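Below is one structure; the comments refer to it alone.
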């Protein structure tokens, strides 16, 4: 009797759906347990679904580009005993020999890549692949399309979501359409929902970074020797924890029947993924961590976010978020939209030297100091101005009086 095993999407994932992005194996391929079979692009991350056993891929139930819910059947395989699978994988292949320079429609590429090649007019053989063993992925094709390679501009008409037409675009106008990724669509939906749900207000303070720069200079070398990068964001996390002790209501969630204030301070850190979007991996129980431990966890989460190896649970359950938008040159961003259902989000602007006035022995002096704007955007249902300003005051005080 044939032992058929189902290949299913994870029952728990970030978001409510995922998109089948790239089949890594073809029907008839012999695979071993743990081999990557297919890539799913969820709202936040791309993950590989592994073979549940040794066997042969016998059916692909969901094609590239299909939406899939948690637990959905992606395909099926015929299970083989380990010794049988090993013999099958070592036997000579009956497949047609691979061309030395496969064309855009060659079966060497996944269905998603071949589909993109037809849609975009791009030969995948001309691209450098970012996938495993240098293979070209659908993401590589989309990036090439976004840069305009081999794809002519076309005139398009635009309609807003509400159905009311925008003013007409001149007939000679040229444009191109970039398909939305699942992550981009999820971000758009989440941001619109956040603004529709909560009245959001932003307060802005200015912080002098002299003290933390001096401390960082004195301790960075020691931590680097231990393989830890002491970033400024680690100080922002520690100062946020200190400010939460003064105004715990900031670490909260609004409910219609009351304000839920969390004991654990689980801080999400916004990490930009270039054109792919943004994720916010969470540092758990930050109130129990030293600056060095915060820096180590931050480095690990950031590295794995950029290499697309975060677990789905590492993106869930944050009670507060920090967006260090200054790293890309922004002095001030307002409002930085709250990561619902949280009650607040901290924004850090670009660090730059500014001329400031400081009183020394009763005399005003002009000094050059490393300064940055810091902002707190709040859900005005949960918090008022005096709580917002008290939180920012403590946050800035901690940074400016950091012990050496």
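Annotations for the structure displayed:
- Residue ID - surrounded by the most Cβ atoms within 10 Å (Cβ to Cβ), chosen from residues in the stretch 216-235 that are in contact with a helix residue (DSSP H, G or I) (Cβ under 8 Å, 6 or more places away or on another chain) and assigned to a helix (DSSP H, G or I): 234
- Condition met for residue 127 (crowded, with 16+ Cβ neighbours inside 10 Å, modelled with pLDDT of 80 or more and in contact with a strand residue (DSSP E or B) (Cβ under 8 Å, 6 or more places away or on another chain)): no
- Single unsatisfied condition, residue 310 versus (1) under 21 Å from residue 232 (Cα atoms); (2) modelled with pLDDT under 95; (3) crowded, with 18+ Cβ neighbours inside 10 Å: (1)
- Note on the stretch 244-254: residues that are in contact with a strand residue (DSSP E or B) (Cβ under 9 Å, 6 or more places away or on another chain), in contact (Cβ under 8 Å) with a residue 24 or more places away in the chain and part of a helix (DSSP H, G or I) amount to 3.
- Listed here are the strands (runs of 3 or more DSSP E) enclosed by the stretch 335-404 that have at least 3 residues being over 29 Å from residue 271 (Cβ atoms) and in the same structural domain as residue 194 (by TED's automatic domain parsing): 352-360, 363-379.
- For residue 294, the requirement of being in a helix (DSSP H, G or I), surrounded by 15 or more Cβ atoms within 10 Å (Cβ to Cβ), modelled with pLDDT of 95 or more and in the same structural domain as residue 203 (by TED's automatic domain parsing) is met.
- Matching residues, the stretch 264-277, being surrounded by fewer than 16 Cβ atoms within 10 Å (Cβ to Cβ) and in contact (Cβ under 8 Å) with a residue 12 or more places away in the chain: 264, 273, 275
- All positions within the stretch 255-270 that are within 14 Å of residue 345 (Cα to Cα) and touching a strand residue (DSSP E or B) at 6+ places or on another chain (Cβ under 6 Å): 266, 267, 268, 269, 270
- The numbered conditions (1) assigned to a loop (DSSP other than H, G, I, E, B); (2) more than 14 Å from the chain's Cα centre (by Cα); (3) buried (at least 19 other Cβ atoms within 10 Å of the Cβ) are all true for residue 332 except (3).
- Residue match in the stretch 53-61 (condition: out of contact with any strand residue (DSSP E or B) (no Cβ under 8 Å at 6 or more places or on another chain) and either at pLDDT below 90 or under 23 Å from residue 179 (Cβ atoms) (or both)): no
- Of all the listed residues (299, 340), the sole one being crowded, with 16+ Cβ neighbours inside 10 Å, more than 19 Å from residue 374 (Cβ to Cβ) and at pLDDT 95 or above is 299.
- In the stretch 10-52, the qualifying residues are those that are within 17 Å of residue 71 (Cα to Cα), assigned to a loop (DSSP other than H, G, I, E, B) and more than 20 Å from the chain's Cα centre (by Cα), and the one that is modelled with the lowest pLDDT is 11.
- Some residue of the stretch 317-326 being in a helix (DSSP H, G or I) and either free of Cβ contacts under 8 Å to residues at least 24 places away in the same chain or surrounded by fewer than 22 Cβ atoms within 10 Å (Cβ to Cβ) (or both): yes
- Across the stretch 29-44, the number of residues qualifying as in contact (Cβ under 8 Å) with a residue 60 or more places away in the chain and either touching a strand residue (DSSP E or B) at 6+ places or on another chain (Cβ under 7 Å) or not assigned by TED's automatic domain parsing to the domain that holds residue 12 (or both) comes to 5.
- So residue 374, is it under 18 Å from residue 332 (Cβ atoms) and either modelled with pLDDT of 95 or more or surrounded by 13 or more Cβ atoms within 10 Å (Cβ to Cβ) (or both): yes
The values are calculated or read from the model by the stated rules, or taken from the named source; none is laboratory data. Computed from a predicted model, the values in this text were never measured in an experiment. Cβ sites come from the backbone with ideal geometry, for glycine too, and all protein chains shown count toward neighbours.
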